[in-house]
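To start, the structure under review is shown below, and the notes come after it.
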Amino acid sequence: MKWLSNRYAYPLVIFAMIASISLQTAWLIQLFNVQKVQVKRDLEQAVADAARMSEYLSVVPGHENNENFRNFFLSPEWLQLKQAYTSMRNVGVSSRFETELKNDSTLINIGLKIANKRSGPRKRKVVSVFDDGETLQSVMAADRKDLKRMDSLVEVECRKQNIHEDRFFILYNYKTGQPESAKDLNRIEDADYQSRHFGYNLNFFIHTYQLVVPSVTKTVVYRMRYYLISSLLMILLTGLVFRFLFKVMRSQRLYTQARLAFTGNMTHELKTPVAVIEAALDSITRYRLANDPGRMENYLAISKNEINRLNMMIDKLLSLEQLDNGEINLRPELYDVQQGLENVVSSMRLRNSNGSVHIDYVPSEEPCFVNGDPVHLTNVFYNLMDNAIKYSGPDVHIQVLCTSVGDQIMVTVQDNGPGIAKIYHERIFERFFRIPENADIHTVKGTGLGLHYVKEIIAMHGGSIDVADRPEGGAAFIIHLPAYHEI
């Protein structure tokens with residue numbers, strides 16, 4: 001799988017993301033076009049409903065309580081008939097439309113005249129007849145009033161359809177079918193929607209109304225909002241999944257590399273005491289040191305120390321295995337942190353009595369007790385001080401502080417080593433991780449398990465551990481443990 005993860009993983013992911021985005025885009029474009037057609041249909045229906053209501057309101061005075069009257073003029077059949085009649089003037093048919101309103105009924109007379117022969121173009125004669133007492137001025141005023149009502153009804157119907165686009169209307173001369181202003185024709189060339197011509201008054205015919213909407217994109221996008229959000233979330237989720245997979249693959253690769261490095265380091269760590277013991281026993285046998293008790297005792301002491309060291313490494317591995325499997329059961333008791341630190345410091349001083357290691361222990365003036373496991377907490381302190389000695393160079397100076405701050409016991413182990421780069425402050429507590437120095441060549445051999453063990457044990461005690469770089473050089477490990485309080 002190495003060839004797949006390293007060579008082809010990124011191109012495959014990029015291809016998959018491009019394909020996913022392309023498919024989502026194609027689907028959204030198709031949906032956009034469908035929704036655009038639907039919005040135009042809704043606008044057409046809105047204008048038709050407004051025209052039907054406007055015509056009804058123009059003839060309703062005196063017939064407000066007549067259900068038949070209302071049903072007829074608000075029926076879609078009447079609107080179709082009226083629209084067909086209005087359109088007849090464009091196909092060479094002359095027409096006559098008369099309405100007569102009476103108390104008991106309303107008479108509508110529609111007359112059509114179709115020529116038997118095709119005649120040359122001639123000027124049509126349009127006759128407008130007004131009721132008694134009406135003048136052209138009064139009719140034009142009434143037309144403007146009805147036009148305003150028509151536009152208001154269109155606005156109401158558009159709101160019912162949740163259409164809130166910029167719009168305008170164009171008036172056409174009913175007699176000629178031409179717009180009242182020649183400039184209006186230029187305004188509708190690039191418009192997304194333009195309605196049919198609708199009449200809006202049945203008492204007289206002066207103008208027809210056409211609704212124009214320059215753009216319906218805002219409404220279409222609003223209606224597609226859930227689809228757009230779902231597509232965006234789908235693409236985002238796909239990207240997050242791929243990112244997670246890459247992160248897992250990278251962690252797996254790093255983990256594998258760390259295991260290989262751990263195997264190499266551990267081999268050296270285990271081989272060293274075995275080699276020392278082998279050399280000591282070989283010297284005892286070869287040089288017949290049974291006759292020299294002093295030298296034999298020295299070699300046996302060396303072998304014993306190396307066996308103890310070997311046992312400690314094995315115990316560390318077993319402890320971490322038990323820790324990962326959840327098999328470690330703490331045996332908490334009242335534990336004096338200062339006493340534990342003093343014992344570990346004394347042991348370290350005795351172990352490194354060659355004069356190159358200086359350990360300063362600064363105890364707290366107040367008692368520092370925690371409810372903890374003495375064995376594991378002692379191992380934690382030992383690990384931190386052992387690391388400080390190993391990584392501080394030839395001249396080691398370590399400072400150990402213990403303080404009581406509120407309900408927390410704080411233990412600090414400071415060294416004068418090279419310090420730890422900030423990018424590694426979190427990773428040094430990972431299992432098998434060791435800070436790279438020079439192409440994975442470490443001047444100090446180790447397993448990369450100590451700090452992982454330290455963090456896990458501290459966490460099991462309800463505490464935390466942090467690392468910081470000291471301004472004067474070196475690193476400082478700071479442990480926070482909950483102080484013991486009697487209930």
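Read-outs: derived from the displayed coordinates by stated rules, not from any lab. The structure displayed is predicted, hence computed values, not measured ones. Cβ sites come from the backbone with ideal geometry, for glycine too, and all protein chains shown count toward neighbours.
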Label-point separation in nm, residue 360 to residue 459, each point 7 Å along Cα→Cβ = 3.4 nm
request  = Extending each Cα 7 Å along its Cβ direction at residue 472 and residue 77, get the distance between those two points in nm, one decimal.
outcome  = 10.4 nm
task = Rank the residues 485, 461 as a footprinting-exposure proxy: fewest other Cβ atoms within 10 Å of their Cβ go first.
result = 485, 461
request  = May I ask you to list the residues of the stretch 7-23 whose amide nitrogen lies under 18 Å from a point 7 Å from Cα along the Cα→beta-carbon direction of residue 241?
outcome  = 9-23
query = Using alpha carbon coordinates only, what is the Rg to Rh ratio of the stretch 357-426, with Rh defined as the Kirkwood radius?
reply = 1.00
message = Give me 230, 215 sorted ascending by neighbouring Cβ count inside 10 Å, so fewest comes first.
response = 230, 215
task = Round to the nearest 0.05 the FRET efficiency obtained for residue 142 and residue 180 when R0 = 22 Å and r is the Cβ-Cβ distance.
result = 0.80
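Using 0.36 nm times the number of residues separating residue 288 and residue 152, minus their current alpha carbon distance, what extension gain do you get?
Working: separation 136, 0.36 × 136 = 48.96 nm, distance 11.95 nm.
Answer, rounded to one decimal: 37.0 nm.
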remark   = Stokes-Einstein, Kirkwood over Cα pairs, the stretch 331-487, 10 °C, 1.306 mPa s; D in µm²/s equals 99 µm²/s
query = Ranked by Cβ crowding within 10 angstrom, fewest neighbours first, how are 365, 55, 180 ordered?
reply = 365, 180, 55
Members of 247/390; 36/82; 271/390; 82/183; 40/175; 82/218 lying beyond 26 Å, as alpha-carbon distances in this model show = 247/390; 36/82; 82/183; 40/175; 82/218
ask   = How much FRET efficiency would the formula 1/(1 + (r/R0)^6) give for residue 250 and residue 29, where r is the Cβ-Cβ distance and R0 is 30 Å, rounded to 0.05?
value = 0.25
query = Could the peptides 242-253, 297-308 be put in order, highest first, of the mean number of other beta-carbon atoms found within 10 Å of their residues?
reply = 297-308, 242-253
remark   = Computed from the beta carbon distance with a Förster radius of 41 Å, FRET efficiency for residue 225 and residue 70 to the nearest 0.05 stands at 0.60
